[in-house]
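The values are calculated or read from the model by the stated rules, or taken from the named source; none is laboratory data. Every value quoted in this text rests on a predicted model; they were computed, and no experiment measured them. Cβ atoms come from the backbone with ideal geometry, glycine included; neighbour counts cover every protein chain shown. Accessible surface is based on the protein model in full, side chains and every heavy atom, while ligands, DNA and RNA are left aside. Shrake-Rupley method; radii C 1.70, N 1.55, O 1.52, S 1.80 Å.
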Amino acid sequence: MGIPPTFLSANKLLFCLCLIVYSLEGFSSADQHTHTIHVATLLPSSVCTSSAAAQGWDINSSISLVHKHGPCSQSQLHQHKPTPAEILLQDQGRVKSIHLKLANANNLGFTNAKHTDLPAKDGSMVGSGNYIVTVGLGTRKKDLSLIFDTGSDLTWTQCQPCVRFCYKQKDPIFSPNLSSTYSNVSCSSTTCTSLNSATGNSPSCSSSACVYGIQYGDSSFSVGLFAKEKLTLTSRDVFNNFLFGCGQNNQGLFGGAAGLLGLGRDKLSLPSQTALKYKKIFSYCLPSSPSSTGFLRFGSARISKSVKFTTLSTIPQGESFYGINIVGISVGGKKLSISASVFTSGGTGAIIDSGTVITRLPPTAYSALRSAFRRQMKQYPMAQPLSILDTCYDFSKYSTVRIPAISFLFSRGVGVPITATGILYDNSISQVCLAFAGNSDESDVTIFGNTQQKTLEVVYDGARERIGFGTGGCP
């Protein structure tokens, strides 16, 4: 979309470049300060409306990325689909886990990886992430649908013979005995001890094989053999001796996915293990709704020229997380009166996380955002709060509504407009909420969540310690 002529006056050009809002299917933008939304588009669709092929993406360089509970997902089981309130409750559990880890206040792991009495619910609801990608493992290659997570390092999948327990998954469970390229890691090797930083737990031994154990904030866990195997990302991108977890005891909230794809910063993460080829560069786009498809790509070949880069930072006590430097927020075209120091209170700063649903802000920043948003939404009737979301509206009597645009400002002068679907979170048309929440304490780390990342092309460049954002990455 081109810049309207009215934007081109010299005294407004620089400001507008940071606030331009791009239209999406079902949405229109009245000006750079507001979004006009057709209320009917807030209703969920049961039909997958876009695919990688339909978007013209090269399947030899892009991995299709879909919402775990949407109609485009092939990993769905016929089971309970979580309600918006349940998703928010479990999201709060993930956030609390991140805050505890970064505060070094609690060790959520366990020291003996053979331990099996870890608390977990049945594998029927949302787990440690919302988005799924499909990769190949073994020889002959078996396709597996894995949860995509930038907040985790170890990649793992359920494996036969499921010595203790395997939850239900859509794909056939991976059988290492049927692969000619599988091998266990020795428990006496330095590779085995590298699990300490990737999982937060000390490995153990089963005979001479290295045993890993990892537990997540929602009490999901996986225990099994640490192994090497051939990993196939695309037809052109195949890696031998990829280190992963072959889970023999797995319980939790993984929603039919076969396991997890770890995209963090530890040396066992996928970006680190493939660094010789990809230089620790990967990018993704999260679709605007569960009925659309996004992508995951590795390397720099197809990064859009419109992507603008800001600095990646490192978070104390959380070196695996991707730190970002938020310096401001604008609502309706006006920058909020928030000092940039608010986002670094307590020395923890901010992170970007694909597995957290709702962006968490320092209380001071959230209060300012909420107040500005409510002032510009006073013409609409408010509704009851939804779990952690306290600013909700009843749009049942409207066919269209207008909401203020929201942009995040990062270091290096990078402004990122949040799409309309990233501003709102709905339970129903009569309960549509501002999709942000405040932390309980100013010292808690700020988290830029996946709802606010929708339709953005997000580029991670670990080697050059930078992260980029581009608008209109996917529908």
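Taking the criterion of being assigned to a strand (DSSP E or B), without any contact (Cβ under 8 Å) to a residue 60 or more places away in the chain, more than 18 Å from SER269 (Cα to Cα) and in contact with a Leu (Cβ under 8 Å, 6 or more places away or on another chain), would at least one residue in segment 203-226 satisfy it?
Yes: one or more hits.
Might you check whether a residue that is within 30 Å of SER396 (Cβ to Cβ), open to solvent by 10 Å² or more (accessible area, probe 1.4 Å) and not basic (Lys, Arg) occurs anywhere in segment 345-354?
No: zero hits.
Residue under question is GLN160, and the condition is that it be over 30 Å from ILE324 (Cα atoms) and modelled with pLDDT of 95 or more; does it hold?
yes
Do the conditions hold for ARG360, that is, is it buried (at least 18 other Cβ atoms within 10 Å of the Cβ), among the charged types (D, E, K, R) and more than 27 Å from PRO271 (Cα to Cα)?
In short, no.
Of the residues SER440, SER428, which single one is open to solvent by 20 Å² or more (accessible area, probe 1.4 Å), over 22 Å from HIS99 (Cα atoms) and of a type outside the set (Asp, Glu)?
Result: SER428 is the single residue among SER440, SER428 that is open to solvent by 20 Å² or more (accessible area, probe 1.4 Å), over 22 Å from HIS99 (Cα atoms) and of a type outside the set (Asp, Glu).
Scanning for something of a type in the set (A, V, I, L, M, F, W, C), buried (at least 23 other Cβ atoms within 10 Å of the Cβ) and outside any strand (DSSP E or B), does segment 264-287 turn up at least one residue?
The answer is yes; a qualifying residue exists.
Looking at the structure I just gave you, is GLN92 surrounded by 16 or more Cβ atoms within 10 Å (Cβ to Cβ), modelled with pLDDT under 85 and out of contact with any Cys (no Cβ under 9 Å at 6 or more places or on another chain)?
no
It is to be established whether one or more residues within segment 132-139 are buried (at least 17 other Cβ atoms within 10 Å of the Cβ), assigned to a loop (DSSP other than H, G, I, E, B), under 28 Å from the mean Cα position of the chain (by Cα) and among the small types (Gly, Ala, Ser).
yes
Looking only at segment 167-185, which residues are open to solvent by less than 40 Å² (accessible area, probe 1.4 Å), out of contact with any Gly (no Cβ under 7 Å at 6 or more places or on another chain) and at pLDDT 95 or above?
SER175, PRO176, VAL185, listed by residue number.
Tell me, which residue of segment 363-387 that is open to solvent by 30 Å² or more (accessible area, probe 1.4 Å) and under 17 Å from SER428 (Cβ atoms) is nearest to the chain's Cα centre (by Cα)?
Residue satisfying both the conditions and the ranking: SER387.
Just give me the residues in segment 282-310 being under 19 Å from ASN450 (Cα atoms) and β-branched (Val, Ile, Thr), in sequence order.
THR293, VAL307, THR310
When you look at LEU261, is it assigned to a strand (DSSP E or B), at pLDDT 95 or above and open to solvent by less than 10 Å² (accessible area, probe 1.4 Å), yes or no?
yes
Which one is nearest to the chain's Cα centre (by Cα), of the residues in segment 228-242 that are farther than 16 Å from PRO176 by Cβ and in a strand (DSSP E or B)?
Across segment 228-242, the extreme among qualifying residues is LEU233.
Please count how many residues of segment 186-227 are more than 28 Å from the chain's Cα centre (by Cα) and either open to solvent by 10 Å² or more (accessible area, probe 1.4 Å) or on the phi > 0 side of the Ramachandran plot (or both).
Residues meeting the conditions: 11.
Checking ASN104 against (1) within 22 Å of the chain's Cα centre (by Cα); (2) polar (S, T, N, Q); (3) at pLDDT 50 or above, which single condition isn't satisfied?
(1)
Examine segment 332-341 for a residue that is part of a strand (DSSP E or B), surrounded by fewer than 22 Cβ atoms within 10 Å (Cβ to Cβ) and touching a residue at least 24 places away in the same chain (Cβ under 8 Å), and state whether such a residue exists.
Checked against the condition, which is being part of a strand (DSSP E or B), surrounded by fewer than 22 Cβ atoms within 10 Å (Cβ to Cβ) and touching a residue at least 24 places away in the same chain (Cβ under 8 Å), segment 332-341 yields at least one hit.
Restricting to segment 352-391, name every residue that is part of a strand (DSSP E or B) and within 26 Å of TYR460 (Cβ to Cβ).
Passing the criteria: ILE352, THR359, ARG360, LEU361.
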